[in-house]
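As structure tokens, the structure follows; a few thoughts come after it.
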Amino acid sequence: MPTHELLLLLAGGSAAGLIGSLFGLGGGILLVPLLVLVLHIPIHNAIAASLIGVIATSSATASRNVRHGIANLRLGSALEVTTVAGAIAGGAIAGYLPAKALMVMFASAMILFAIPMARSREVVAMTREEATAGTGFAARLGGSYFDPAEGREVHYAIRRLPLAMAVSGAAGMLSGLLGVGGGIMKVPTLTLYCGMPVKAAAATSTFMIGVTAMASAFVYYGRGDVLPLVSAAAAVAIVAGSRAGLAVAARINARALRKWFALLMVVVGAQMLWKVL
Amino acid sequence: MSRVELEAIEVSITAVALKAGVVVSVTLLVAGMILETLQPANVMAALRPEGILTLPSRIASGSGIALVHLGLLVLMVTPLVRVVVLAVEFIRERDYSFAMISGGVLLLLFVSFALGAVG
């Protein structure tokens, strides 16, 4: 690989990791277009490399979020059932789809998911008693964490668990098909419809997407789609970027950044469509 | 041991499993990439599962690609290790509902392994 392409990959992978750690994404939504449009890597290989990058960012970021009690391990474990099933199906189906079809799907997904990316609505705060008042299985999935920015313990309960599981299944399929982590669907659903605060939703999504990506990564590996040096450079760069993201998260106006990122997603999605069509 | 203490251990071990996987895999990947810059190989040559059998001998002979292959495998199984660790912790806490849920996830992950092995 020429040096300038390797440097581009390292820089782009780092940016993907940084953005991913800020928003609970795996970075694939940036990495796949970089690999396809700029480095001219065939899309099946780009998706495989991206899935490995998602595993890297998930594992690197989640260890910190788990330690700080922000990631909801029980909710994440429950949602992993449907998301892993979806990812396996998506990874298997992708092998039968032509490259153009995958490009169109990826570009369309980027444009479509820019909308929930741009929207953000913080969940109304609950007291501990309100958060633990429910009964049944879903009542066990609520949680709490200490938010240094607010200087207090934040409590929440989970609503609409069936919706969360269905969307996780769809997000898993998207992950297997397109090489993204699926957080682009999970985080807005958890925050807008399931009662989860943004920080906890992003942390739990990051916790889950590693397993999601792993499920389909092995399918791509078995098909011989994993290019070792491209995947290795992407993984190392993404880990570095996600560590940087964790360091700057507290200082960044995430709401403003989210809107700019949504705009970038539309522009890049349109470029991919233009290339294919 | 109280439930709070058990949950604290669950959190610590899960976090350590994830971090260890990342540290080991990134070390192998960086070492492999450095070796590869000294002995360049075909960057477009894809990894194959059957290559796992020859990994030890290729690593011993100084193959950078083999080190990268191993690093990628370690990275890819890190989430699996995390699921196993969490399942064991749920059993220790006698939280059998979530232990079964984790068991279901493990079963699905082994399906993906099987698909990968068949190719």
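The values are calculated or read from the model by the stated rules, or taken from the named source; none is laboratory data. Keep in mind that this is a model prediction, so the values were computed, not measured. Don't worry about glycine lacking a Cβ; one is built from the backbone with ideal geometry, like all the others, and counts go over all protein chains shown.
Structure data summary
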item	result
Single residue of the range B:68-107 satisfying the filter (over 24 Å from A:THR61 (Cα atoms) and at the interface with chain A (Cβ under 9 Å from one of its Cβ atoms)) that is surrounded by the fewest Cβ atoms within 10 Å (Cβ to Cβ)	B:SER97
When residues of the range A:67-83 are limited to those that are out of contact with any Lys or Arg (no Cβ under 9 Å at 6 or more places or on another chain) and among the β-branched types (Val, Ile, Thr), the one farthest from the other protein chains (Cβ to nearest Cβ)	A:THR82
Residue in the range A:98-120 that is at pLDDT below 85 and part of a loop (DSSP other than H, G, I, E, B) present	yes
From A:GLY136, A:GLY90, residue being surrounded by 14 or more Cβ atoms within 10 Å (Cβ to Cβ) and either part of a loop (DSSP other than H, G, I, E, B) or modelled with pLDDT of 80 or more (or both)	A:GLY90
Qualifying residue in the range B:45-67 (condition: more than 25 Å from A:GLY224 (Cβ to Cβ), more than 7 Å from every other protein chain (Cβ to nearest Cβ), modelled with pLDDT of 85 or more and in contact with a Gly (Cβ under 8 Å, 6 or more places away or on another chain))	no
Checking A:ARG159 against (1) touching a Phe, Trp or Tyr at 6+ places or on another chain (Cβ under 8 Å); (2) at pLDDT below 85; (3) surrounded by 14 or more Cβ atoms within 10 Å (Cβ to Cβ), the condition it does not meet	(2)
Residue list for the range A:66-87, filter: outside any helix (DSSP H, G or I) and surrounded by 18 or more Cβ atoms within 10 Å (Cβ to Cβ)	A:GLY69, A:ILE70, A:ALA71, A:ASN72
Count - residues of the range A:197-215 that are more than 7 Å from chain B (Cβ to nearest Cβ), crowded, with 24+ Cβ neighbours inside 10 Å and either assigned to a helix (DSSP H, G or I) or at pLDDT 90 or above (or both)	12
Leading residue by the ranking (surrounded by the most Cβ atoms within 10 Å (Cβ to Cβ)) among those in the range A:23-58 that are part of a helix (DSSP H, G or I), of a type in the set (Gly, Ala, Ser) and more than 12 Å from chain B (Cβ to nearest Cβ)	A:SER50
Qualifying residue in the range A:98-113 (condition: touching a His at 6+ places or on another chain (Cβ under 8 Å) and away from every other protein chain (no Cβ under 14 Å))	yes
Yes/no for A:VAL230 being at pLDDT below 90 and either surrounded by fewer than 24 Cβ atoms within 10 Å (Cβ to Cβ) or part of a helix (DSSP H, G or I) (or both)	no
So A:GLY86, is it in contact (Cβ under 8 Å) with a residue 40 or more places away in the chain and within 12 Å of the chain's Cα centre (by Cα)	no
Any pair with Cβ under 7 angstrom, 6 or more apart, that starts in the range B:99-119 at a residue that is farther than 16 Å from A:THR83 by Cβ and ends at one that is hydroxyl-bearing (Ser, Thr, Tyr) and crowded, with 17+ Cβ neighbours inside 10 Å	B:GLY116/A:TYR221
Residue within the range A:160-167 that is over 15 Å from the mean Cα position of the chain (by Cα), more than 14 Å from chain B (Cβ to nearest Cβ) and outside any helix (DSSP H, G or I) present	yes
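Residues are listed down the side, and each one gets a yes or a no for (1) away from chain B (no Cβ under 14 Å); (2) surrounded by fewer than 24 Cβ atoms within 10 Å (Cβ to Cβ); (3) at pLDDT 85 or above; (4) more than 14 Å from the chain's Cα centre (by Cα):
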site: A:ALA149; (1), (2), (3), (4): yes, yes, no, yes
site: A:ARG152; (1), (2), (3), (4): yes, yes, no, yes
site: A:ALA171; (1), (2), (3), (4): yes, no, yes, no
site: A:ARG243; (1), (2), (3), (4): no, yes, no, yes
